[in-house]
DNA sequence: ACCATCCAAATGTCCTACATTTGGAGGTCG
DNA sequence: CGACCTCCAAATGTAGGACATTTGGATGGT
């Protein structure tokens, strides 16, 4: 519903808000190309300048990317993800790694306390996919591994914590060139299964211990250990 | 070179970058009024449209606030603070409280490991101010209390963690109407001093224990101080 | 000294025009 | 028939002007 302005807030701000909502609602999916400016102009009944200001705001927020001669594409759907990503990119990788580990440990502990039967079933499904992806390409395995850990944190039931973890992880795995060879390590493999077991058993201490051990293993693999 | 990011950076984006830098550098302090668009236009040698798009972007980022008929004022100097603040405002206060506590605990632990002699001296100075503010107005005490805990986390030496904590705290203390009567509690008072002692002694376990106890005390006071 | 009025200044919105870049349509040549 | 080149429509980028709207202070009268 494209309503006309009635309040004292600037028109461009209202338009930008509508665009944000369209992105958040999925009407403009990530990766898609949004309608050109002149079409938005006639649909909204505002001038191209106003539309451009609203679009420019979202471009600087990192939600959109304008390609001259082509169109404007949706690049992200979370404002926090972009600003956190920029901040983490400037930070010391070790510092970012510590914060991420902190969130993951707490998320694993919470999962053992709050995970439902459906959550556990979902985790086992994702874990199966992760095991299956060990023989596939590296990118697919990294994706499956992240999907599993993300689901663990989400199962913890603290959406804010989960979102911070979720937005912190990709930048780190991108910055650090990990994804080395942590698939063939049987210890890591066993720890993943022990983690789900601890969550299912409702043992927060064991779950957090598994998470801590996993992060430690990952850190060891990252540092030297070039053997 | 596979990556040829020589794609022309829009002029408005460059201008917005300059404005951001001016804000971050302190040339445009928070609260001040920036030059009017007309002046920026002639100073930068670009059209008013371009200047307005850059300003509008920063307005939507939350860094600026435009007041028609008056001028444009600097509202914040950290992009992450704004987006984190918005996200936390939508979150469950309990969830936000947990994340903040998590960061504070780790920050206190790190402080015991990495704080320098100057850091400890600074902490004792801030702690004196906090003690002195116990008899003053409530707002002043809350400010002094936050300044102390913020300094503890900063002394931990993880800037990313400190920034997240710093940006997470105001929203929480604003949301929850705490600042109740946690100044007259002698236990809380002693714990603050024990925390600095543990940091100076380089005892991470004791420091984290003090932090945990402090958060627990605060939570108890918040929940119903009756029992 | 107080108050209503007016005015300059600043932002908000719209308009036209042109430049620049891109992707594809269409034709050409091997 | 396929690969390649040319050209054009489309989309965003930039510029400049015009007018509306709101604000804060100056102005002038009571």
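Quick note: the coordinates plus some simple rules give every number you see, no bench work behind them. Bear in mind that the values here come from a model prediction, so they are computed numbers and not experimental data. Cβ placement follows ideal geometry from the backbone for every residue including glycine, while neighbour counts extend to all protein chains displayed.
Counting Cβ atoms of other protein chains within 10 Å of each Cβ in A:101-111 and taking the mean gives 2.
Calculated mean residue ellipticity, 222 nm, the protein assembly as shown: -23000 deg cm²/dmol, from DSSP H runs (n ≥ 4) at -39500 (n - 2.57) each, averaged per residue and rounded to 500.
Between the Cα long axis of helix A:11-25 and the first principal axis of chain A there is an angle of about 40°, rounded to the nearest 10.
Per residue of B:77-85, other chain Cβ atoms within 10 Å of the residue Cβ number 4 on average.
Legend: mean number of C-beta atoms from other chains within 10 angstrom of residue C-beta atoms, peptide A:154-164, equals 4. Shape of the stretch A:75-170 from its Cα gyration tensor (a ≥ b ≥ c, root eigenvalues): rounded if a/c is under 1.5, otherwise prolate when a/b > b/c, or oblate? Oblate, since a/c reaches 1.5 and b/c is not below a/b. Seen against the Cα atoms of chain A and their longest principal axis, helix A:204-222 is set at about 80 degrees.
Each copy carries a label point for residue B:202 at 7 Å from Cα toward Cβ; from one copy, the others' points are 4.4 nm away, ordered from shortest. Each Cα pair under 8 Å and six or more residues apart adds its separation to the average, and for the stretch A:60-193 the resulting relative contact order is 28 percent.
Convex hull over the alpha-carbon atoms of the stretch A:1-153: what's its volume per residue in Å³? Walk me through the intermediate numbers first.
Numbers: hull volume 28.5 nm³, N = 153.
In the stretch A:1-153, the Cα hull volume divided by residue count equals 187 Å³.
Starting from the label point of residue A:48 at 7 Å along Cα→Cβ, the same points in the other copies fall at 1.9 nm, in ascending order.
Between residue A:142 and residue B:197, the modelled labels are 4.9 nm apart [label points 7 Å from Cα along Cα→Cβ]. Each copy carries residue A:140; placing its label point 7 Å along the C-beta direction from Cα gives inter-copy distances of 6.7 nm, listed from smallest up. Compared with the dominant principal axis of the Cα atoms in chain B, helix B:48-61 is inclined by about 20°.
Classify the stretch B:3-85 as rounded, prolate or oblate from the Cα gyration tensor: take a ≥ b ≥ c as the square roots of its eigenvalues, call it rounded if a/c is under 1.5, otherwise prolate when a/b beats b/c and oblate if not.
Values: a/c = 1.90, a/b = 1.16, b/c = 1.64.
It is oblate, given that a/c is not under 1.5 and a/b is not larger than b/c.
Computed over all pairs of different Cα atoms, the Kirkwood value for the hydrodynamic radius of the protein assembly as shown is 24.6 Å.
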